[in-house]
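**Q** Below are the C-alpha cells for one structure; questions will follow.
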Amino acid sequence: MNLFEKFEEPIMVLGEKLNNNKILRILRDAFMLAFPLTIFGSIMLVISNLPYLDKILSPEGLAMLQGMLGPASTATMSIATVFVTLGIGYYLSKDEGVDGLFGAAISFSSFLLLTPYEVPVDETGLMVSNVISIDRLGAKSMFVGILGSFFAAWLYAKIVKKNWVIKMPPSVPPAVSKSFVALIPAVLTLSVFLILRIIFSFTPWGNIHDFIYEIIQTPLIGLGKGVVPTIIAIFVIQVLWFFGLHGQIIINSVMEPIWGTLTLENLEAFKAGLDVPNVVTKQFIEIFTVSLGGTGMTLIVLIIVLTLMKSKQLKEVGKLALPAGIFNVNEPAIFGFPIVLNPAIVIPWILAPMVSTLVAYIAMSTGIVPKTTGVTVPWTTPVFISGMLATNSIRGGILQLVQMLVVGTIWFPFLKVWDKKNIQDEKEFESENL
C-alpha cells in the first residue's frame, strides 16, 4: 500500500460524511434559495456604482439613479437572512416528511419573534418602536436566523410526527386541511419562541440577536476572516478534490454562514459609501479562486498545455477542457488529464491555489487592490471580468491575471516533466502497435 492509498480511505470517508450531512446539506440549499434574488440586486448595484459614473452624470443625476436602483439591493441582498430562514424551514421540514411550506412560514415567524422591533433615532438613546432595522434581517442576524429556523422547523416537524394535530374529514379542501394540521404545531412552536423572547428581554443584552452576535457570531467571524483559516480551507478543498470529492460543496457548507456574513458586511459598507472592511468574503473565495478556471485555478494550466506542451494526450484533453474552463467548469480537466489521484501533479495542484490566494489576500489587505464589494458575481463569469465586477475596479481583473501567472509558474516545471513522460509513453505505444 503506497502513501496515497493510506490517506485515500479516511479522507474519502470523512468527505462523504460531510457531503451527506443533513444539516450542512440543508444549509447549502437554503443559501442557494437567495442566489437568483441576490444576482438581481447585484446587477442593479453594479449599474448604480459603475466606475467613473460620477464623471458622466451630474451629482443630482447620479443621486437620482442610485435612489431609483437602490431598493433592488435592499430588497434582496440586504435581507438575505429572511431567505435563509425560509429555505431552512422548507428543506428541513421536507426532509422530516412534513409540509415544507408551513415549515418555512413557521421558521420565518419564529425568527421575527426573536427580532427587536425598536430602532435608535439618534445617539441620545431615543428609540422608535414597531419597526425592524434592515441590519436585523441581514448580516448582523445571520446566525440567529440559522439557529432559530433550524430549531423551529425541527420542533414543528416533531410535533406533527407525534400526531398532535387537528385532522379534518376527507371532504375538506387540501389547503384548509393542511392549515388545521399545522395549527397546533405552529402555536406550540411559536409559543416557545415567544417565551425565549421574553426571557432574553430580562438579560443584559435585551434580545437574543445581540447575545448571539456578541457571544457566537463575532468570534466565529473573527476566526473565519483570517488569512490562516482561509489558506487552510483552500488546502482542504484541494486535497478533497484530489481524492475525487467535491471540495467546494463540502467546505462551503461549513463556511457559508461565516463567508456570507462577511459579504453582507462589505455590501452594507459599500452601499453606505464607507470603507469595505473584510478581505475574505464569499466573493473573495469564489472570484479569486474558483473563477480562475475552476477548482485549482486550472485555466492557465490548460493554456500552457495547449501552447507549450507537446504530448498528444495532454493537448487533446486541453482542447476538450478549455471551452468549459473559460467559464470555470473544470471537471473535464480534473478527470480527463487526470488530476484526481495523480501523484505527478499533487504538489502544484495543492500548492498553487494556496500561494495564489495568499497573493490576492496581501494585495487586498494592503490596499493595492480594492476589497470585494459584496456584489454577487456568478462564479461562471470569465476571468478578468469577474474580478472587475467583484471589486468595482479594473485592478480586480488585473489581480486575477497576476494570480494566473503565479499558478502557471508553479505548475510549469511539473507540466514539463509530465509532458516528457507522456511523450515517451506515446512513442512506446506507437512502436508496439506498428
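**Q** Would you pick out the residues in the stretch 223-253 that are modelled with pLDDT of 80 or more, open to solvent by 20 Å² or more (accessible area, probe 1.4 Å) and under 17 Å from ILE339 (Cβ atoms)?
**A** Matches in the stretch 223-253: PHE235, VAL236, VAL239.
**Q** Next question, about the same structure. Among the numbered conditions (1) in a helix (DSSP H, G or I); (2) more than 25 Å from ILE146 (Cα to Cα), tell me where LEU274 comes up short.
**A** It is condition (1) that LEU274 fails.
**Q** OK, next. Do you know which residues across the stretch 191-209 are in a helix (DSSP H, G or I) and open to solvent by less than 40 Å² (accessible area, probe 1.4 Å)?
**A** PHE193, PHE200, ILE208, HIS209
**Q** Could I ask something else about it? Go through the stretch 97-116 and give me each residue that's open to solvent by 30 Å² or more (accessible area, probe 1.4 Å) and more than 22 Å from ASN130 (Cα to Cα).
**A** If the condition is that a residue be open to solvent by 30 Å² or more (accessible area, probe 1.4 Å) and more than 22 Å from ASN130 (Cα to Cα), then GLY97, ASP99, LEU101, PHE102 are the ones that fit.
**Q** Still on this structure: Take residues that are among the aromatic types (Phe, Trp, Tyr) and tell me which of the helices (runs of 4 or more DSSP H) falling wholly in the stretch 52-119 contain 1 or more.
**A** 80-95, 100-113
**Q** Still on this model: Let me confirm something: among LEU188, LEU220, LEU183, which residue is part of a helix (DSSP H, G or I), at pLDDT 90 or above, touching a helix residue (DSSP H, G or I) at 6+ places or on another chain (Cβ under 9 Å) and surrounded by fewer than 22 Cβ atoms within 10 Å (Cβ to Cβ)?
**A** Unique residue meeting the criteria: LEU188.
**Q** Being in contact (Cβ under 8 Å) with a residue 40 or more places away in the chain and among the hydroxyl-bearing types (Ser, Thr, Tyr) is the filter; apply it to the stretch 41-85 and report the residue that is most open to solvent (accessible area, probe 1.4 Å).
**A** Per the stated criteria, the residue is THR74.
**Q** Hey, ILE146 hits all of (1) closer than 28 Å to GLY70 by Cβ; (2) open to solvent by 40 Å² or more (accessible area, probe 1.4 Å); (3) at pLDDT 90 or above but one; which does it fall short on?
**A** (2)
**Q** Condition first: open to solvent by 30 Å² or more (accessible area, probe 1.4 Å) and on the phi > 0 side of the Ramachandran plot. Now tell me which residues in the stretch 324-356 satisfy that.
**A** LEU341
**Q** Okay, moving on. Take the residues in the stretch 276-323 that are open to solvent by 50 Å² or more (accessible area, probe 1.4 Å) and among the β-branched types (Val, Ile, Thr), then tell me which one is farthest from the chain's Cα centre (by Cα).
**A** Ranking the qualifying residues of the stretch 276-323, first place goes to THR307.
**Q** Could you check the stretch 78-121 and list, in sequence order, the residues that are of a type outside the set (D, E, K, R), farther than 25 Å from GLY41 by Cα and in contact with a Gly (Cβ under 7 Å, 6 or more places away or on another chain)?
**A** Matches in the stretch 78-121: LEU92, SER93, GLY103, ILE106, SER110, LEU114.
The values are calculated or read from the model by the stated rules, or taken from the named source; none is laboratory data. None of the values given here were measured: they were computed from a predicted structure. Positions of Cβ are generated from backbone atoms using ideal geometry, with glycine treated the same way; all protein chains shown enter the neighbour counts. Heavy atoms of the whole protein, side chains included, go into the accessibility calculation; ligands, DNA and RNA do not. Shrake-Rupley method; radii C 1.70, N 1.55, O 1.52, S 1.80 Å.
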